[in-house]
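S.K.: The structure's right below; bear with me while I get my questions together.
The values are calculated or read from the model by the stated rules, or taken from the named source; none is laboratory data. Given the structure is predicted, the values throughout are model-derived calculations rather than measurements. Every residue, glycine as well, gets a Cβ built from its backbone with ideal geometry; the counts of neighbours run over all protein chains shown. What goes into the accessible areas is simple: the full protein's heavy atoms, side chains included, and nothing from ligands, DNA or RNA. Shrake-Rupley method; radii C 1.70, N 1.55, O 1.52, S 1.80 Å.
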Amino acid sequence: MRTRHAEGVEGARSARGVAVVIDVLRAFTVTAYALAGGAHCRLVASVEEARALAAQLPGAVLSAEIDGMPVPGIPISNSPSAIAAAPLGGRTLIQRTTSGVQAALAAEGCEVVLAAALVNAAATARRLQELAPPEVTLVASGAPLGHPEDRFCAERIEALIDGRPPAPLAELERMLAATDRIQRVRAGAWPGFPSTDLDLALQADRFYFAMSVLRQDGEIAVRPVQGSR
């Protein structure tokens, strides 16, 4: 299996065959915690779509941000901490984010799209080994914004596919700690982004399922694909 690296929405749009769209902070970490909590997950491109879909689904939960900031009237701003604490069993989580969700929606030319974060990186690698495509595109959705965690996760998945030891997580923690973004989060100065989100997002391989992005009748859903540990 040959791995190809790409970045952002444009990278996802250019992908063909099998693609893995990665968003560690925080979209697909949110998705993983929601699926683990028994939720159904749907992806939408805009806040307007999110609200319209929620109106059709009793008990739906909205999680949205625009350029990383909370959306007025939507209490959950792409936060895995909020999702992990919410009663989600049997409910639908509707997600709108600026990087990960948009990139997953843009990967229309792919036969298979997986969503991934550090919390399910090993499960994603195992799923790719099961699929055994001739080529896979690893899309670091936040890379164009200077977010190192998605590229780090892509390289981790590639190493696991190849049977190589991945870089230690401490390396990513050092890179993140040096950024203004994470310093603001740790200081409690980023609305809707508690520091506990970082702690949950950096729990590598917490979940043993890959996440498949499925398109059907104009709807985009994410469903868990169980694998061996």
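S.K.: With a cut-off of 8 Å between alpha carbons and a minimum separation of six or more residues, what is the relative contact order of the range 96-229 in percent?
M.R.: After rounding, I find 34 percent.
S.K.: Can you give the helix-only mean residue ellipticity at 222 nm for the chain, where every DSSP H stretch with n ≥ 4 adds -39500 (n - 2.57) and the sum goes over all residues, rounded to the nearest 500 deg cm²/dmol?
M.R.: Working: 10 runs with 89 residues, N = 229.
Result for the chain, helices only: -11000 deg cm²/dmol.
S.K.: Still on this structure, I have one more. Taking the Cα centre of the chain as the origin, how large is its charge dipole in debye, to the nearest 20, when only Lys and Arg (+1) and Asp and Glu (-1) carry charge on their Cβ atoms? Let's see the in-between values first.
M.R.: Values: 22 positive and 24 negative charges, 74 e Å.
Magnitude of the dipole: close to 360 debye.
S.K.: Okay, moving on. Over the range 108-183, what percent of the accessible surface lies on carbon and sulfur atoms, probe 1.4 Å? Write out the running numbers ahead of the final one.
M.R.: Values: 1630 of 3200 Å².
The computed percentage sits at 51.
S.K.: Let me ask something else about it. Take every DSSP beta bridge with both residues inside the chain and express the antiparallel ones as a percent of the total, to the nearest 5. The partial results should precede the final answer.
M.R.: Numbers: 15 of 41 bridges.
In the chain, approximately 35 percent of DSSP beta bridges are antiparallel ones.
S.K.: Taking every DSSP beta bridge with both residues inside the range 20-131, roughly what % is antiparallel (nearest 5)?
M.R.: 15
S.K.: So what is the accessible area of the chain per residue, in Å², with the probe set to 1.4 Å?
M.R.: 42
S.K.: Amide H of L114 versus every other amide H placed in the peptide plane: which residues, excluding those fewer than 5 positions away on the same chain, fall under 5 Å?
M.R.: A19, V20, V21, V213
S.K.: In percent, what relative contact order does the range 1-147 have, based on Cα pairs under 8 Å that are 6 or more apart in sequence? Don't skip to the answer; put the middle values down first.
M.R.: Working: 295 pairs, mean separation 70.0, N = 147.
Contact order relative to length: 48 percent.
S.K.: Let me ask something additional. Find which of G73, N120, L105 sits farthest along the positive direction of the dipole of the range 21-163, computed with +1 on the beta-carbon of Lys and Arg, -1 on that of Asp and Glu, about the Cα centre.
M.R.: Farthest towards the positive end: G73.
S.K.: Using 16 Å as the cut-off for backbone N distance, which residues of the range 85-103 belong to the label zone defined by a point 7 Å from the Cα of T196 along Cα→Cβ?
M.R.: Output list for this probe position: 85-88.
S.K.: Whenever you get a sec, compute what percent of the accessible area on the range 1-72 sits on carbon and sulfur atoms (1.4 Å probe).
M.R.: 54
S.K.: Here's something else I'd like to know. Please give the charge dipole size of the range 149-208, origin at the Cα centre, charges +1 on K and R Cβ atoms and -1 on D and E Cβ atoms. Round to the nearest 20 debye. Present the calculation step by step, with values, prior to reporting the outcome.
M.R.: Values: 8 positive and 11 negative charges, 36 e Å.
Computed charge dipole of the range 149-208: roughly 180 debye.
S.K.: So, one more: Given points 7 Å out from each Cα along the Cα-Cβ axis, report the E49 to A221 separation in nanometres with one decimal.
M.R.: Result for the modelled spin labels: 1.7 nm.
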